[in-house]
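Visitor: One structure is given below, represented as structure tokens, and several questions about it will come after.
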Amino acid sequence: MPENDDYIAINLIQHYTYCPRQWGFIALESQWRENAFVVKGDIVHKKVDDPFDNEKRGRLRVSRSLPVFSEELGLNGILDLVEFEENEKGVFIKQLGGKFNIKIVEYKSGKPNVPGQVNFHDALQLTAQILCVEEMFGGKCEGYIFYDTIKRRVKFSEFAEYKAKLIEIVNEMRKHMESGEIPKEIDKDKCGGCSMSDVCLPKLKFSDLEKRLLKRESDIK
Ligand code: SF4
């Protein structure tokens, strides 16, 4: 079982897949910058972030801000919304005293890039969430993204395809966590919308930066 510090926060996986360097600043240096995209995402999440707002409607139980984890992969996170619907063929959940079909619903600003399909970064996040829930409750669950722009849920149907990719990414992230080094690669196409650009300084090449630091050191001497 991983130690507490070794767990990977599920909500940071999308930062890694967007740009490993951005994830490095957030996860390894605890830096955080907000930009318009981040703030918009937060507003969408505030609609569901209330851990005490659980409800029961007929055969349906709704749980918001549910903490989940996977000991096997060393992942943890908080799910926006989980629906448990009573069903004789479902998963037995001791805490709820019955059998249930489980649905995860993650809330996102924006819309699907391809109508009817979950976007790449969201798909990886859902894959991690599904793995956690299936490990915790010992049975299958479904995943959906609610895209705020279209005000609709989109079903995630590619769990099997994304599972191997997610495990590969988690292993990469863990290597960086072990070394403690911020990934160096700069992906210029992503920098325009990045909340970490003032920390990362992507226009300043490493070689230039190193030269300047070395010059400053020799000037001081
Ligand atoms: S500015 Fe560019 S290279 Fe730097 S963290 Fe952001 S996306 Fe990555």
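Visitor: With (1) surrounded by fewer than 17 Cβ atoms within 10 Å (Cβ to Cβ); (2) touching a Ser or Thr at 6+ places or on another chain (Cβ under 7 Å) as the list, and G180 as the residue in question, which single condition is left unmet?
Guide: Against the list (1) surrounded by fewer than 17 Cβ atoms within 10 Å (Cβ to Cβ); (2) touching a Ser or Thr at 6+ places or on another chain (Cβ under 7 Å), G180 comes up short only on (2).
Visitor: Could you please find all residues in region 8-23 being over 13 Å from R174 (Cβ atoms) and within 13 Å of the ligand (Cβ to nearest atom)?
Guide: Answer for region 8-23, where residues must be over 13 Å from R174 (Cβ atoms) and within 13 Å of the ligand (Cβ to nearest atom): Q14, H15, T17, Y18, C19, R21, Q22.
Visitor: So, one more: Output the number of the condition that T149 fails; it satisfies all remaining conditions of (1) more than 17 Å from the chain's Cα centre (by Cα); (2) modelled with pLDDT of 85 or more; (3) within 16 Å of the ligand (Cβ to nearest atom); (4) not in a helix (DSSP H, G or I).
Guide: Condition not satisfied by T149: (3).
Visitor: Ok, one more. Please find, within region 102-126, the residue that is surrounded by the most Cβ atoms within 10 Å (Cβ to Cβ) out of those that are among the β-branched types (V, I, T) and touching a strand residue (DSSP E or B) at 6+ places or on another chain (Cβ under 8 Å). Before you say what the answer is, go through the steps one by one.
Guide: Within region 102-126, the first condition is being among the β-branched types (V, I, T), and the residues that meet it are 102, 104-105, 114, 118.
Going one step further and asking which of them are touching a strand residue (DSSP E or B) at 6+ places or on another chain (Cβ under 8 Å), we end up with 102, 104-105, 118.
Numbers: I102: 23, I104: 22, V105: 19, V118: 26.
My answer is V118.
Visitor: Does R216 meet the test of being among the basic types (K, R), at pLDDT 85 or above, away from the ligand (no atom under 15 Å from the Cβ) and surrounded by fewer than 16 Cβ atoms within 10 Å (Cβ to Cβ)?
Guide: Working: among the basic types (K, R): yes; at pLDDT 85 or above: no; away from the ligand (no atom under 15 Å from the Cβ): yes; surrounded by fewer than 16 Cβ atoms within 10 Å (Cβ to Cβ): yes.
Here the answer is no, as R216 does not meet what is asked.
Visitor: Considering each of V199, V170, V114 in turn, give the residue that is more than 18 Å from L75 (Cβ to Cβ) and away from the ligand (no atom under 16 Å from the Cβ).
Guide: Values: V199 fails: away from the ligand (no atom under 16 Å from the Cβ); V170 fails: more than 18 Å from L75 (Cβ to Cβ).
From the options V199, V170, V114, the qualifying one is V114.
Visitor: Hey, another quick one. So which residues in region 183-194 are at pLDDT 85 or above and either touching an Asp or Glu at 6+ places or on another chain (Cβ under 9 Å) or surrounded by 10 or more Cβ atoms within 10 Å (Cβ to Cβ) (or both), if there are any at all?
Guide: P183, K190, C191, C194
Visitor: If the requirement is being out of contact with any Leu (no Cβ under 9 Å at 6 or more places or on another chain) and farther than 16 Å from E72 by Cβ, which of these qualifies: E134, E161?
Guide: On the way: E134 fails: farther than 16 Å from E72 by Cβ.
It is E161.
Visitor: Can you name the residue in region 152-177 that is more than 20 Å from I26 (Cβ to Cβ) and β-branched (V, I, T) and is also surrounded by the most Cβ atoms within 10 Å (Cβ to Cβ) among such residues? Write out each step before concluding.
Guide: As a first pass, look at region 152-177 and keep what is more than 20 Å from I26 (Cβ to Cβ): 152-165, 167-168.
From what is left, the residues that are β-branched (V, I, T) are 154, 167.
On the way: V154: 21, I167: 15.
Once the filter is applied, the top-ranked residue is V154.
Visitor: Taking into account only those residues within region 78-97 that are surrounded by fewer than 19 Cβ atoms within 10 Å (Cβ to Cβ), closer than 17 Å to N54 by Cα and in contact (Cβ under 8 Å) with a residue 12 or more places away in the chain, which is nearest to the chain's Cα centre (by Cα)?
Guide: So in region 78-97, the residues surrounded by fewer than 19 Cβ atoms within 10 Å (Cβ to Cβ) come out as 78, 83, 85-90, 92-97.
Narrowing further to those that are closer than 17 Å to N54 by Cα: 78, 83, 85-86, 93, 95-97.
Filter again for in contact (Cβ under 8 Å) with a residue 12 or more places away in the chain, leaving 78, 83, 85-86, 93, 96.
Working: I78: 10, E83: 19, E85: 25, E86: 28, I93: 25, L96: 27 Å.
Taking the candidates together, the pick is I78.
The values are calculated or read from the model by the stated rules, or taken from the named source; none is laboratory data. Predicted, not measured: the structure shown is a model, and the values here were computed from it. Counting neighbours? That spans all protein chains shown, and the Cβs are built from the backbone with ideal geometry, glycine included.
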